[in-house]
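Just below is one structure, and these are the notes that go with it.
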Amino acid sequence: MPSRVKNVLLAVTNDLVHDQRVHRVALALQADGWEVTVYGRLRHNSPELEPRPYTCLRKSLWAEGGKLFYLFYALRLWFWLLFQAPRFRVICANDLDTLLPCWLGGRIKGSRVVYDSHEYFTQVPELINRPLTRALWQLLEIALVPRVDAMYTVNAAIAERYGERYGRQVQVVRNLPLQGDPPPPPHPPPFNPILLYQGMLNPGRGIELMMQAATLLPEAELWIVGDGPERKRLEELAEGMGLAQRIRFWGLVPFQKLPEITRQATIGLSLEEDLGLNYRLASPNKIVDYIQAGLPVVVADLPLMRELVEEWKVGGILEKRDPTTLTIMICELLAPHRYLALTQNARKAAQELNWTRESERLKQIYRQVLSLKG
């Protein structure tokens with residue numbers, strides 16, 4: 001492929017259905033003149049992708065979970081880069097689990113390699129109690145992070161820690177949503193409120209606490225939008241608590257359809273536990289999605305979540321993690337005058353907390369990478 005072609009590969013380990021960040025990055029780069037290809041996985045039950053204006057490739061693997069999945073993914077991506085793919089000017093690894101094949105393929109094919117870290121990967125709760133697995137990921141990070149051509153992540157706190165650890169520049173491209181339709185006008189809360197959680201159903205997300213609070217709010221429904229390893233257990237728990245009629249499990253929803261659901265809710269919930277540095281430094285994109293829909297929020301008492309809610313005055317911060325405290329806070333937010341003020345503040349915040357400015361930062365990073373010598 002002629003070197004003048006400005007093309008980029010974005011590699012992820014998911015099936016592309018719900019990864020909004022990669023979609024936004026792809027759209028921004030395409031708008032800046034890049035030919036974009038996104039590479040992901042194809043599960044046996046993966047739904048069809050909605051039409052997209054860039055190229056999407058999904059490859060099936062022999063293993064769909066565990067260590068073998070990461071091995072097969074790395075091998076398949078690496079061989080595809082070496083023997084089937086065109087020469088990409090830039091290859092972007094999304095999170096640490098794609099970095100090794102991207103770095104190896106990029107170095108052999110003469111591509112620039114960019115690392116987009118969506119979280120503090122080696123501090124995720126799934127690795128905290130698995131010291132050997134965690135040590136292997138840390139060794140990979142130590143070996144490769146200093147060698148990529150550029151790196152960016154989702155907030156300044158994570159960027160600062162990566163920068164200090166590896167003595168390199170780590171830029172920030174926040175995980176903010178595309179600016180969609182304006183939120184609905186401020187309005188009083190409905191008599192039958194809908195409490196919303198959207199995101200992965202992983203340990204430490206506070207979903208069980210939300211369900212316990214739902215038992216104390218007989219007029220409310222709880223919508224859980226997403227999928228993950230905790231789903232079956234949570235569904236069984238809801239049945240055992242007598243909440244099957246008031247808790248709705250939506251499953252995995254394509255991100256293009258997610259705003260339709262979010263805008264129907266009354267309050268958005270993000271109650272991650274402090275299970276390690278990754279959650280402590282988290283700035284979940286679900287919170288900004290709620291704000292974009294004009295919803296008041298209840299968030300965990302974690303630094304960046306607290307900072308966002310206090311700055312924009314869009315909800316409550318759960319300082320004591322028990323069902324009664326959560327129920328009282330929800331009821332306080334549902335008081336008509338308070339609710340109207342919060343929805344008004346959410347509308348103001350939505351005008352600022354969107355992808356427009358972040359996309360300009362992103363484009364500048366890739367322009368700088370393209371101009372590197374050697």
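Some observations on this one:
- Across all directions, the shadow cast by the convex hull of the range 27-116 built on its C-alpha atoms averages 6.2 square nanometres.
- Per-selection Kirkwood Rh - the range 249-374 (Cα, Å, 1 d.p.): 16.2 Å
- Candidate aspartates and glutamates for bridging to Lys6, where Cα separation is under 13 Å - those fewer than 8 sequence places away on the same chain excluded: Asp32, Glu35
- Label-to-label distance, nm, for residues given as Gln138 and Lys257 (7 Å Cα→Cβ offset): 4.2 nm
- Shape summary: the chain maps onto an equivalent ellipsoid whose semi-axes, from the alpha-carbon gyration tensor, are 37, 22, 20 Å in decreasing order.
- Residue with peak Gaussian network fluctuation, the chain [Cα springs, cutoff 10 Å], from His187, His44, His23: His44
- Estimated at 0.36 nm per residue, the fully extended path between Glu352 and Lys109 surpasses their Cα-Cα distance by 83.5 nm.
- Amide H contacts of Glu272: Ala300, each under 5 Å away and 5 or more positions distant or on a separate chain (H built 1.01 Å from N in the peptide plane; Pro and chain starts excluded).
- Cα centroids of the range 73-111 and the range 12-28: 17 Å apart.
- Loop-located GluC sites (Glu not before Pro) across the range 296-350 with a Cβ neighbour count of 12 or fewer within 10 Å are Glu319, with loop assigned by DSSP.
- Unit Cα scatterers, Debye sum, the range 108-196: log10 I(q)/I(0) for q = 0.17, 0.18 Å⁻¹: -0.83, -0.88
- Loop-located chymotrypsin sites (Phe, Trp or Tyr not before Pro) in the range 31-113 (DSSP state other than H, G, I, E, B) with a sparse environment of at most 14 neighbouring Cβ atoms within 10 Å: Trp62.
- R0 of 35 Å, Cβ-Cβ distance Leu42-Gln179: FRET efficiency to nearest 0.05: 0.70
- Nearest 10 degrees, 0 to 90: helix 231-240 Cα axis against the chain principal axis: 10 degrees
- Taking trypsin sites (Lys or Arg not before Pro) across the range 286-352, the ones in a DSSP loop with at most 10 further Cβ atoms lying within 10 angstrom of their Cβ are Lys320.
- Per-residue ellipticity at 222 nm computed for the chain from its helices equals -12500 deg cm²/dmol, with DSSP H segments shorter than 4 residues left out and the rest contributing -39,500 (n - 2.57).
- Percent RCO, i.e. relative contact order, over the chain, from Cα pairs under 8 Å lying at least 6 residues apart: 16 percent
- Among Leu237, Leu176, Leu29, the largest mean-square fluctuation in a Gaussian network model of the chain, built with springs joining Cα atoms closer than 10 Å, belongs to Leu237.
- The range 194-352: relative contact order in percent, alpha carbon pairs under 8 Å with at least 6 residues between: 23 percent
Rule-based calculations on the coordinates, nothing more; no lab input. As the structure is a computational prediction, the values presented were derived from the model and not from experiment. FYI the Cβ positions are ideal-geometry reconstructions off the backbone, even for glycines, and counts take in every protein chain you see.
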